[in-house]
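S.K.: Just passing along the structure, written as structure tokens.
The values are calculated or read from the model by the stated rules, or taken from the named source; none is laboratory data. Just so it is clear, the structure is predicted and the values come from calculations on it, not from any experiment. Note that each Cβ is placed from the backbone with ideal geometry, even for glycine, and that neighbours are counted across all protein chains shown. The area values use the complete protein model at the heavy-atom level, side chains included, leaving out ligands, DNA and RNA. Shrake-Rupley method; radii C 1.70, N 1.55, O 1.52, S 1.80 Å.
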Amino acid sequence: MTERQTILVVDDETLNIELLAGLLKADSKILVAKSGERALKIAASGKPDLILLDVMMPGMDGYEVCRHLKADEETRGIPVIFVTARNDVDDETLGFELGAVDYIRKPISPPILKARVKTQLALMQQQRELRAAHSVIKSSKERMEEELNVGREIQMSMMPLNFAAFTESGTPSLFARLEPAREVGGDFYDFFELSDSLLCLCVGDVSGKGVPAALFMAVTKTLIRSCAADRRSTAHIVTHVNEVLSEDNDSCMFVTLFIAIFDREIGKLNFTNAGHNPPYIVQNDGQLIRLGARHGPVAGAIPGIAYGEETRLLRDGDTLFVYTDGVTEAMNQAGSLYSEERLAELLREKGRDGSKAAVEACMSSVSQFEAGAERADDITLLAFTFSGVRGASVTRTWNKLQDTAEVNTWFDQFAQSRDLDAALTRKINLVLDDLLSNIISYAYPETDTGQIETGFAFEDGQLQITLIDDGIPFDPLSAAQPDLDTPLEDRALGGLGIFLVRELMDDISYKRDGDRNVLKLSVHAGSPGCNPD
Amino acid sequence: MSILSSKIQGVSVILPDGRLDTNNYLDAEKLVAAHVEAGDTKIIFDFSKTDYVSSAGLRVILKAAKLVRADGKIALCNSNEQIHEVLEISGFLDMLDHYGSLEEAMQSVAD
């Protein structure tokens, strides 16, 4: 107790007041009142720490004064000790009922009075300290809650919601949901288009909670977007993101990541898993595939890691599900986990209902399981359904002539995604190889840079192939027919390629269009996807 | 895409793996030339591991024929549908024999 406390002594007898004041003034500041009315006024203005109240007074008696004190918000908290000559248990009981903290009988024993007053003053002081501590706690709790909200706002404002842009025939092919825990858990998802055909998807979970996790998440997400802009391999993206994050990462935070780049033209999924939960693919035939491989540790922890990647072809109707550990580690009242088994079971059942329906089914299944138990971590789910490439046409431009070696690899993926007959695929391989090597030799005799556009389209059972280049005029159809009857050892080495192309294709035409050579070819392909083989 | 070759009972066997096209025909030509330089006159192209052959691949066979001339022997075997069609269209099957297995091809050049 640092400050001297104030005691109000109330008695109609001057002698009594002098006696009490004399005993207590050494330790406390004394206020006096000689009537009940006066006592109420001083109590209200002087804010004493304790009131010694005589019961028997003319006019307003001690009980009445006490009643008024307790009825007033301002004075209610001041402890009251009755000091009285009355010696009746009922009186004492009434005094306590009115809210007094003690009852001292006259004649007064000075040591007992002092001891009891001291006790009440100490209690009062402690109560005051507690109240002060409580208000500090309350305001810092309010500040923390404010911070929680800030963290959540950062987190939620960064999640894209434009699923409508990825809608195929009325149903969204892409859907994601993040349900934050009370305290931000650092989950995020993102999706964005890298080109007409390339779609980047990612789901991550930052270590830790609250504002730091939300900020680290924001940094990670921004980094991924900027890296993905000029890198087409998820291994490169994660490797770079890891380098930047782990540089000067004094807080030792890290993030689990699953990043995928999906090529919608050919159904190719390129992905890297950095310490993240294994995603699932629900195939259109209902089979569940767990993408169990990890291509490196969590990102942001250790610099200098070269992350790996994987490639997989999706078929029409296949759905990719990516989630965070908030799903599998959601807990019910009994403390058991939602678990990957339950998730897999649900995906088996609902995984083919479409992205949105499946995500919502998972979310409600998890909520049902939790049954009101407080959520400890964010829950994130992202689903992407490949709506197929059937009938669609694809084009790709190759900027370096050396790249044309990749054209056949690209075509093979395209052919596979459309269930193209293997024998036909190989014929086209030959056609592409021979036409491109001729174009490179004759349309670009002096240079190894140029732009060659390759296009494929299905129309009425025909596969249409278009090759457009910006080289000098070159009509492959004008090439002389090779002499097929001469013995092999006497034949010229060249000239066979164009001949084979004409033989293998049903139709082929050439025109010079402005400063470009345009070759159009077509061949009977049956119905893609209905190939009898 | 790699091209393997081996010498079995005095016969050089060329085994293109994957594609035989613009991207690797030069490697195949070098292999054939090395065998001929070493004195081999019997060459078999085994396409059992080959997905497709473009005209660049045919060029390799043609070059082999030129190198061994009339005193050598060249046989083909194990082509898939596409390779067989290309060999046929280009008239190669009029000049060279094609067999369903490596053993038969070996026998044909052994005599």
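S.K.: With θ taken as phi - 60° and the coefficients 6.51, -1.76 and 1.60, list the Karplus ³J(HN,Hα) couplings across segment A:305-317 in order, rounded to whole Hz; mark glycine and proline as x.
M.R.: Ordered by residue, 3J(HN,Hα) equals 9, 9, 6, x, 7, 9, 10, 8, 8, 9, 9, 3, x Hz.
S.K.: Run the numbers for A:Lys106 and A:Ser140: contour at 0.36 nm per residue of separation, minus the present Cα-Cα distance, in nm.
M.R.: That works out to 7.4 nm of additional length.
S.K.: Show me you know the interface measure: the accessible area buried between B and A, both chains summed, probe 1.4 Å, in Å² to the nearest 100.
M.R.: So the total buried area for this chain pair works out to about 2400 Å².
S.K.: Provide the FRET efficiency to the nearest 0.05 for the A:Glu243-A:Asn399 pair, computing r from the beta carbons and using R0 = 22 Å.
M.R.: E(calc), rounded to 0.05, equals 0.20.
S.K.: For segment A:274-340, compute the orientation-averaged projected area of the C-alpha convex hull (one quarter of its surface), in nm².
M.R.: 6.2 nm²
S.K.: With every protein chain present, what accessible area does A:Leu477 have (1.4 Å probe, heavy atoms only), rounded to the nearest 10 Å²?
M.R.: Result for A:Leu477: roughly 40 Å² accessible.
S.K.: Moving to a separate point now. Pick out, from A:Ile439, A:Pro482, A:Ile465, the residue whose Cα sits farthest towards the positive end of the charge dipole of segment A:393-524, with +1 on the Cβ of Lys and Arg and -1 on the Cβ of Asp and Glu.
M.R.: Selected residue: A:Ile465.
S.K.: With a Förster radius of 51 Å, plug the Cβ-Cβ distance of A:Asp316 and A:Glu446 into 1/(1 + (r/R0)^6) and report the FRET value to the nearest 0.05.
M.R.: Here the calculated transfer efficiency is 0.70.
S.K.: When the dipole is taken about the Cα centre of segment B:2-110, and only Lys, Arg (+1) and Asp, Glu (-1) are charged at their Cβ, what size is it in debye, to the nearest 20?
M.R.: Around 400 debye, computed over segment B:2-110.
S.K.: From the Cα gyration tensor of segment A:6-130, with a ≥ b ≥ c the square roots of its eigenvalues, which class applies: rounded if a/c is under 1.5, or else prolate if a/b is larger than b/c, or else oblate?
M.R.: rounded
S.K.: Taking chain A, how much of its Cα-Cα pair set, in percent, is spaced more than 43 angstrom apart?
M.R.: Counting pairs separated by more than 43 Å, the tail of P(r) holds 51 percent.
S.K.: On to the next question. What's the center-to-center distance, using Cα atoms, between segment A:419-469 and segment B:40-80 in Å?
M.R.: 25 Å
S.K.: Dimensions of segment A:158-385 along principal axes (Cα, Å, largest first)?
M.R.: The Cα atoms of segment A:158-385 stretch 45, 44, 29 Å along their principal axes.
S.K.: Please compute the length gained on full extension between A:Gln416 and A:Arg512, using 0.36 nm multiplied by the number of residues separating them and subtracting their Cα-Cα distance.
M.R.: Extra length available between A:Gln416 and A:Arg512 comes to 31.4 nm.
S.K.: Normalized C-alpha radius of gyration of segment B:43-109, against 2.2 N^0.38 Å?
M.R.: Rounded to two decimals, the normalised Rg is 1.01.
S.K.: Please compute the average number of Cβ atoms from other chains found within 10 Å of each residue's Cβ in peptide B:83-91.
M.R.: 5
S.K.: Placing +1 on the Cβ of each Lys and Arg and -1 on the Cβ of each Asp and Glu in the protein assembly as shown, which of A:Ile498, A:Tyr63, A:Leu223 has its Cα farthest towards the positive end of the resulting dipole?
M.R.: Positive-most Cα among the choices belongs to A:Tyr63.
S.K.: Mind checking the dipole of the protein assembly as shown: about its Cα centre, +1 per Lys or Arg Cβ, -1 per Asp or Glu Cβ, Debye to the nearest 20?
M.R.: Computed about the Cα centre, the dipole is about 2520 debye.
S.K.: Positive end of the dipole of the protein assembly as shown, charges at C-beta (+1 Lys, Arg; -1 Asp, Glu), about the Cα centre: which of A:Ala371, B:Asn23, B:Thr41 has its Cα farthest in that direction?
M.R.: A:Ala371
S.K.: Counting only other chains, what is the mean number of Cβ atoms within 10 angstrom of the Cβ of each residue in peptide B:20-32?
M.R.: Per-residue shielding by partner chains comes out at 2.
S.K.: Please say if segment A:393-524 is rounded, prolate or oblate, where rounded means a/c under 1.5 for a ≥ b ≥ c the square roots of the C-alpha gyration tensor eigenvalues, and otherwise the choice is prolate for a/b larger than b/c and oblate otherwise?
M.R.: Cα axes put segment A:393-524 in the oblate bin.
S.K.: Based on the Cβ-Cβ distance from B:Ala70 to A:Glu503, what FRET efficiency comes out when R0 is 41 Å, to the nearest 0.05?
M.R.: My answer for the efficiency is 0.90.
S.K.: Continuing with the same structure: Residue by residue through segment A:319-328, what is 3J(HN,Hα) from phi via Karplus (6.51 cos²θ - 1.76 cosθ + 1.60, θ = phi - 60°)? Round to whole Hz and write x for glycine and proline.
M.R.: Once rounded to whole Hz, the list reads 10, 9, 10, 10, 9, 9, 5, x, 6, 6.
S.K.: Right, here's the next one. Can you pull the percent of chain A's accessible area that's carbon plus sulfur, 1.4 Å probe, other chains left in place?
M.R.: The nonpolar share, carbon plus sulfur, comes to 50 percent.
S.K.: Something else: Would you compute, from DSSP H runs of 4+ residues alone, the mean residue ellipticity of the protein assembly as shown at 222 nm, taking -39500 (n - 2.57) per run and dividing by the full residue count, rounded to the nearest 500?
M.R.: Taken over the protein assembly as shown, the calculation gives -12000 deg cm²/dmol.
S.K.: When you look at the Cβ of every residue in A:496-503, what mean number of other chain Cβ atoms sits within 10 Å?
M.R.: Mean inter-chain Cβ contacts per residue within 10 Å come to 5.
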